[in-house]
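This report concerns only the one structure given below.
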Amino acid sequence: MTHGSTIVVRSATFTLHQENGKPVPSGAILRIRGQKKGYPVGYHGLSYLSGLSAHNVVNAQWDHQA
């Protein structure tokens, strides 16, 4: 007899835009507040994050921007 377990992972795929409407540049790094792992932004601001909680604060940084 085996016993299974369920693992819940919260993740999201989205397109990230700057205040001026332009996508965040590819190569920018996203970090979820409180986590060290960085997630790269792809072309046209396409982003993927995992390890999310119910409410998150995410910072983007590129070319000395935050």
Show the residues, 5+ positions off or on another chain, whose built amide H is closer than 5 Å to the amide H of Ser26. His44, Gly45
Per residue of segment 32-47, what does 6.51 cos²θ - 1.76 cosθ + 1.60 with θ = phi - 60° give for ³J(HN,Hα)? Whole Hz please, x for Gly and Pro, Karplus curve as stated. 7, 3, x, 10, 8, 5, x, 10, x, 8, x, 4, 6, x, 5, 9
So who's got an amide H within less than 5 Å of the one on Gly51, skipping anything under 5 residues away but keeping other chains? H placed 1.01 Å off N, in plane. Arg10
Which label in (i) 10.0; (ii) 6.0; (iii) 3.6 gives the computed mean projected area of the Cα convex hull in nm²: (ii)
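A short reminder: the numbers here are calculations on the coordinates, not readings from a lab. Just so you know, these numbers come straight off a predicted model, no measurement behind them.
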